[in-house]
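Report on the structure given below.
Read-outs throughout are calculated quantities, based only on the coordinates presented, and are distinct from any laboratory measurement. The structure displayed is predicted, hence computed values, not measured ones. In this analysis, Cβ positions are derived from the backbone assuming ideal geometry, glycine residues included, and neighbour counts consider all displayed protein chains.
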Amino acid sequence: MSWDSYIDNLIGQSRDASGQPACDRACIIGLDGSPWTSGAHPSSWELTQAEGSYLAAALKSGDFSVLQAAGIRAGGVRYQFLRGEDGMVLGKKKGEGAITAQKSRTAVVVGHTVEGRSQGNTNKAVAVIAEYLESLGM
């Protein structure tokens, strides 16, 4: 199974009424932080093992205090923690866009929102993929 096709699906799900996607990069990582999607995809958001492990651990435990204190690191950028609930975390960095991450049973789906576009559209797209993985028992 190629996980990279989920990147295209997620970006497509984030389109607004004018057809513009809010999400420009995405990835899926395991709850151990290991990448499921590959860096070969042109819209892949590559997280380091440390970034992936840090984010996945917080989502797996449901304890977002470390993200509140130190922010959410992804792709070498530190995003300010905005909110965390129901297995989803949101972050933002002015000039860099926003991050949305949601866990399923075995993975974390991560999407990046382009600066100036609606993070809500990315949130919905990330949720669609995470909920689909949940429905598969993943």
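Amide H of Glu96: which non-local residues (sequence gap of 5 or more, or other chain) have their own amide H closer than 5 Å, using H built in the peptide plane?
Residues meeting the amide H criterion: none.
Please work out the FRET efficiency for the pair Glu46 and Glu115, using the Cβ-Cβ distance as r and a Förster radius of 22 Å; give the result to the nearest 0.05.
0.70
Using a 7 Å offset from the Cα along the Cα-to-Cβ direction at both Ala69 and Ala17, what is the distance between the two label points in nm, to one decimal?
So the label points at Ala69 and Ala17 sit 4.4 nm apart.
Build a GNM of the chain with springs between Cα atoms under 10 Å: which of Gln20, Gln119, Gln68 gets the top mean-square fluctuation?
Answer for the Gaussian network model of the chain: Gln20.
Going by C-beta contacts inside 10 Å, put His41, His112 in order with the fewest on the left.
Numbers: His41 19, His112 25.
If I rank by nearby Cβ atoms, fewest first, I get His41, His112.
Which stretch or stretches of the stretch 32-46 have amide N atoms under 17 Å from the point lying 7 Å from Lys60's Cα along the Cα→Cβ direction?
32-37, by backbone N distance to the label point.
Along the charge dipole of the chain, Cβ charges K/R +1 and D/E -1, which of Val128, Ser43, Val89 sits furthest on the positive end?
Comparing the listed Cα positions along the dipole, Val89 ranks first.
HN-Hα J couplings of the stretch 98-104 from phi, Karplus 6.51/-1.76/1.60, θ = phi - 60°, integer Hz, Gly and Pro as x?
Listing the rounded values in order: 9, 10, 10, 9, 9, 9, 10 Hz.
Say we join alpha carbon atoms closer than 10 Å with springs in a Gaussian network model of the chain; which of Ser53, Ser61, Ser18 then has the biggest fluctuation?
Ser18
About the Cα centre of the stretch 5-135, what is the dipole size in debye to 20, counting +1 per Lys and Arg Cβ and -1 per Asp and Glu Cβ, all else neutral?
Rounded to the nearest 20 debye, it is 260 debye.
Return the sequence-ordered ³J(HN,Hα) values of the stretch 43-53 in whole Hz as given by the Karplus equation 6.51 cos²θ - 1.76 cosθ + 1.60 applied to θ = phi - 60°, using x for Gly and Pro.
10, 6, 9, 7, 9, 5, 4, 5, 5, x, 5
In whole angstrom, how long is each semi-axis of the equivalent ellipsoid of the stretch 5-135, when you take the square root of 5 times every eigenvalue of its Cα gyration tensor and sort them from largest down? All intermediate terms of the calculation are to be shown ahead of the outcome.
Working: eigenvalues 77, 54, 39 Å².
Three semi-axes, in Å: 20, 16, 14.
In which sequence would Met138, Met88 go, from the one with the fewest C-beta neighbours within 10 Å to the one with the most?
Details: Met138 14, Met88 18.
Exposure proxy ranking, most exposed first: Met138, Met88.
For the chain, set up a Gaussian network in which alpha carbons nearer than 10 Å are linked by springs, and say which option among Arg15, Arg73, Arg25 fluctuates the most.
Answer for the Gaussian network model of the chain: Arg15.
Please compute the contact order of the stretch 5-135 in relative form: average sequence separation of alpha-carbon pairs under 8 Å and at least six residues apart, divided by the residue count, as a percent.
Reported as a whole number, the value is 26 percent.
Enumerate the amide H contacts of Ser104 below 5 Å, restricted to partners 5 or more residues apart or on another chain; note that Pro and chain-start residues carry no placed amide H.
Val109
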